[in-house]
Structures are given as C-alpha cells and as structure tokens.
Amino acid sequence: MQKTFRDTTNAVLKKYDLTDTSYMVLAILYGSVDETSTASELSEACHEKPANLTRVCDELAARGLIERRPKPGDRRAVMISLSDSGRALIERALPDASSTVTAAYAGFSPAELRQMADLYAGLLVKLNADA
C-alpha cells in the first residue's frame, strides 16, 4: 500500500520535478516558523535517514529551492531555509498533492477514517516499541 501511495504522489509531483521526499522537505519548511529548520529536525520530520536527506537537500539547493547556513551559536548544526523559488514551487505543487491525498480518502466515512487513524496509530506504537 505504501509503495502504491508513493507511486501515485510521485506521478503527480513529476510535473514539478519533485519526488515525494523533496516535496516533503519543501512542505515541512513551508509550514515551519520562518520557513527554516535544522537538518536533524527535518530528517526526523520527513522520516528519512540523514544521508538520504542530505542527498535530497543537495539536489534542492542546486536548484535554488532551499538555502543552507550554519546555525548561529552552533556551527556543527545546519539550518535549512526555503528560498523564494522554493516557496513559489511548493505553493504551485501543494494543491495538486493535497487533492491527490484527499481523493484517496474520499470514499471513507468519518467513522472509517477515525478507525483507520486509530489502527495506524496503534501500528506505529507497536513498531516504535519493537525498534
């Protein structure tokens, strides 16, 4: 199911030259205070390994969609910010991505959606306990 969902969103994001992971980075930054996050916080929020997040951020930075700079007071930490170009791109892609997700859940009743959320939450607790 996860692969099918990812393939579906990647197909929608392809016209923006984004993958689900690069879209997630831009979307998280877009929703963050000052459109900025540390690399470690972004890695955790995206549920991506730091090495993969670095690769994705390298690609986004090369396209001018994000900017990196040292964190004031801690040069080991990297701050990642959305650029003007990145903001413009996420604002164009967001409606398409959102409508795709909304359409996937459209046939479920509110009770079914609550049950699904509860089941996923329980699975997440179990997976985290086993890790």
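The values are calculated or read from the model by the stated rules, or taken from the named source; none is laboratory data. All figures in this text were calculated on a predicted structure; none of them were measured in a lab. Note: ideal-geometry Cβ built from the backbone for every residue, glycine included; neighbour counts use all protein chains shown.
The numbered conditions (1) of a type in the set (A, V, I, L, M); (2) touching a residue at least 24 places away in the same chain (Cβ under 8 Å); (3) surrounded by fewer than 13 Cβ atoms within 10 Å (Cβ to Cβ) are all true for Ala106 except (2). Inclusion of Ala62 among residues that are surrounded by fewer than 10 Cβ atoms within 10 Å (Cβ to Cβ), closer than 30 Å to Asp17 by Cα and either under 15 Å from the mean Cα position of the chain (by Cα) or of a type outside the set (S, T, N, Q) (or both) is warranted.
Does Thr38 qualify as being touching a Lys or Arg at 6+ places or on another chain (Cβ under 8 Å), polar (S, T, N, Q), over 18 Å from Leu13 (Cα atoms) and touching a residue at least 12 places away in the same chain (Cβ under 8 Å)?
yes
Filtering segment 103-118 to residues that are under 20 Å from Thr9 (Cα atoms) and in a loop (DSSP other than H, G, I, E, B) leaves Ala106, Gly107, Phe108.
Between Glu67, Glu91, Glu59, the distinction of being among the acidic types (Asp, Glu) and over 21 Å from Ala11 (Cβ atoms) belongs to Glu67 only.
The set of residues from segment 27-55 being within 11 Å of the chain's Cα centre (by Cα), over 14 Å from Arg68 (Cβ atoms) and of a type in the set (A, V, I, L, M) comprises Ala27, Ile28, Ala45. Taking the residues in segment 21-54 that are charged (D, E, K, R) and at pLDDT below 95 as candidates, determine which candidate is farthest from Arg6 (Cα to Cα). Only one residue fits best here, namely Asp34. Of the set (1) surrounded by 18 or more Cβ atoms within 10 Å (Cβ to Cβ); (2) aliphatic (A, V, I, L, M); (3) under 13 Å from Ala93 (Cβ atoms), all apply to Ala11 but (1). Residues in segment 78-93 that are surrounded by 12 or more Cβ atoms within 10 Å (Cβ to Cβ) and in contact (Cβ under 8 Å) with a residue 24 or more places away in the chain: 10 in all. Is it true that Asp96 is more than 26 Å from Ser22 (Cβ to Cβ), of a type in the set (D, E, K, R) and either touching a residue at least 40 places away in the same chain (Cβ under 8 Å) or exposed (fewer than 11 other Cβ atoms within 10 Å of the Cβ) (or both)? The answer is no for Asp96.
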